[in-house]
Each structure stands twice: as structure tokens, then as C-alpha cells.
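**Q** What follows is a single structure, and I will ask about it in a moment.
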Protein chains: 2
Amino acid sequence: MPDKVNIAAALASFDETWSPRIAAEVDDFQVKLTKLEGDFVWHHHDDADELFWVLEGRLLMRFRDRDDVWLEPGELLVIPRGVEHQPSAPGPCSVALLERAGVVNTGSAGGERTTAPKPLDP
Amino acid sequence: MPDKVNIAAALASFDETWSPRIAAEVDDFQVKLTKLEGDFVWHHHDDADELFWVLEGRLLMRFRDRDDVWLEPGELLVIPRGVEHQPSAPGPCSVALLERAGVVNTGSAGGERTTAPKPLDP
């Protein structure tokens, strides 16, 4: 059985931004911890919903056809499949992502910021 | 698109223990918020993993064949399918549960504490 995960300790174990770490696997879903700062690429996911749960800092989720949404620590937002979005953090920000394993971070956009999630350091 | 959820406000919206509220749906998964106090029934889930993420208070997860695990706020634990467990909270405790929609709270045990998750109050 996997050990428990202390989220603060897990976040303290890496500094890299926009590079998700797999904190937990639940059936075919993953909880990934990610540090963000600045703008990510506009993208959507054709066949997967995506949940953002802000842990530290503030996250602005921009949309094409609806109002942007600010997320504070302790707030979560589901981005339904197909909805184009751009995560943006004005300062250091840590989030938990919940989504199906295999969902690619840049979704429809691809490009140089595409990266596979990494395991947490032991 | 669903609105963002403020977890503290969502937890403040109900007092009932052992009665999960659906905070978010992500594909066929759900994030459920639950308040716990005292012992739950021993049970397992035949075909579903279950993630406990402690938000407030302390949770003791008891197992038949391995050491019990204490979880503090900001700690999470995955209970793999088939593993018998008993959640127990010595005082008021709030957790986020992450599991596939349709997973029954009492799993293999059934009985009077079986309950369907409810929507969050608007």
C-alpha cells in the first residue's frame, strides 16, 4: 500500500514550475502537485475534465468565452473537457491537479512546454 | 461550467457527520467533502481505490494486517481496492474523499450507515 503523503513536505521537495509530480494514484486517476508562476499556454483537453485545487498563492484561470476566475488557496475549479483555458499565476502558486492518468499538460496545444508528470522524490 | 468551490465555505454549509457532499465531478470521479467523528464501520471496496485527504482535525485509519496510520491536515492516503479499513476520528474531522462516482460509503459492509452522497447546498 502506498505511504501517506504530506502535501507541504511534497511541495518542499521540488522547485521546478509547470512540472507536475504524481502525489497519488486512485484507480485510473492521479493527484498531481504542481508549482506555477506566469502564464501557461492556451489549451483544452478533448476528452478529459481537469480539476485545479489551489494550495498556495493565487491562480487566474482565463477563458475565451466567459469571465476569468480567480482561485485562492482552498478553492477548486473543474475545467470541463473541451473548454479552452489558460492558467496564469501572478506570483508563486502551488496547486493540486486531479485528472485521469495520461492527460497531457498542454492538451490540444502541444509544444515545448509539454512534459510528462514525474514521481515524487522518495 | 460549474462554479468554483470554496472548501471552507462548503464545509461550513453542513454539520452532519458521515454524510458526504459532492464538491466536484471530474469525468467519472467525484470529490466529496465529509465530516467525521468517532468510528466508522470496518469495510473494503471490491473494485475501487479511495483517497482520504484530511482538511481539519485528525483521522486514524485502522487496518487488519498492517500498522494504523494517523493523518493530520494536509496529509492524504490512498486505500487500495480490497484493503479492509476503518476510519476513526477522535474529534471533529473534515476530509475530502476522492473516488469513482457510485462507490458506496460502507463498501462491503453495507448496513444502516450506508448513505448516498448529497449535492452541496447552493
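**Q** For the subset of the stretch A:26-55 comprising residues that are over 15 Å from the mean Cα position of the chain (by Cα) and open to solvent by 30 Å² or more (accessible area, probe 1.4 Å), which member is farthest from the other protein chains (Cβ to nearest Cβ)?
**A** Taking the candidates together, the pick is A:ASP46.
**Q** Any idea which residue in the stretch A:1-21 is farthest from B:ASP65 (Cα to Cα), counting only those that are of a type in the set (Val, Ile, Thr) and surrounded by 17 or more Cβ atoms within 10 Å (Cβ to Cβ)?
**A** Ranking the qualifying residues of the stretch A:1-21, first place goes to A:ILE7.
**Q** Does B:LEU97 satisfy the condition of being under 18 Å from A:ASP3 (Cα atoms) and at the interface with chain A (Cβ under 9 Å from one of its Cβ atoms)?
**A** no
**Q** Continuing with the same structure: So how many residues does the stretch B:56-67 have that are farther than 16 Å from B:VAL95 by Cβ and more than 9 Å from chain A (Cβ to nearest Cβ)? Full working, then the answer.
**A** Start the filter on the stretch B:56-67 by keeping residues that are farther than 16 Å from B:VAL95 by Cβ, which leaves B:63-67.
Then keep just the ones that are more than 9 Å from chain A (Cβ to nearest Cβ); that gives B:64-65, B:67.
Residues that pass the stated criteria total 3.
**Q** Okay, moving on. Any idea how many residues of the stretch B:61-80 are farther than 17 Å from A:LEU98 by Cβ and either open to solvent by 20 Å² or more (accessible area, probe 1.4 Å) or basic (Lys, Arg) (or both)?
**A** 11
**Q** Quickly run through the stretch A:1-59 and pick out the residues that are in a loop (DSSP other than H, G, I, E, B) and acidic (Asp, Glu).
**A** Matches in the stretch A:1-59: A:ASP3, A:ASP15, A:GLU16, A:ASP27, A:ASP28, A:ASP46, A:ASP47, A:ASP49.
**Q** Any residue at all in the stretch A:99-113 that is modelled with pLDDT under 95, farther than 13 Å from A:SER19 by Cβ and crowded, with 17+ Cβ neighbours inside 10 Å?
**A** The answer is yes, given that some residue of the stretch A:99-113 is modelled with pLDDT under 95, farther than 13 Å from A:SER19 by Cβ and crowded, with 17+ Cβ neighbours inside 10 Å.
**Q** A further question follows. Cβ-Cβ distance below 6 Å, separation of 6 or more or different chains: which pairs start in the stretch A:96-122 with a residue that is touching a residue at least 12 places away in the same chain (Cβ under 8 Å) and end on one that is open to solvent by 70 Å² or more (accessible area, probe 1.4 Å)?
**A** Qualifying pairs under 6 Å: A:ARG100/A:ASP28; A:ALA101/A:ASP28; A:THR106/A:ARG113.
**Q** From the list A:ARG21, A:ARG81, which one is closer than 27 Å to B:LYS32 by Cβ, in contact with a His (Cβ under 8 Å, 6 or more places away or on another chain) and of a type in the set (Lys, Arg)? Let's see the steps before the verdict.
**A** Working: A:ARG21 fails: in contact with a His (Cβ under 8 Å, 6 or more places away or on another chain).
Going through A:ARG21, A:ARG81 in turn, the sole match is A:ARG81.
**Q** With respect to the numbered conditions (1) closer than 15 Å to A:TRP42 by Cβ; (2) touching a residue at least 60 places away in the same chain (Cβ under 8 Å); (3) of a type in the set (A, V, I, L, M), which one is the sole condition not fulfilled by A:VAL83?
**A** Checking A:VAL83 against (1) closer than 15 Å to A:TRP42 by Cβ; (2) touching a residue at least 60 places away in the same chain (Cβ under 8 Å); (3) of a type in the set (A, V, I, L, M), the one that fails is (2).
The values are calculated or read from the model by the stated rules, or taken from the named source; none is laboratory data. Everything numeric here is computed off the predicted structure, so don't read it as measured data. Counting neighbours? That spans all protein chains shown, and the Cβs are built from the backbone with ideal geometry, glycine included. In case anyone asks, the SASA skips ligands and DNA or RNA and just uses the protein heavy atoms, side chains included. Shrake-Rupley method; radii C 1.70, N 1.55, O 1.52, S 1.80 Å.
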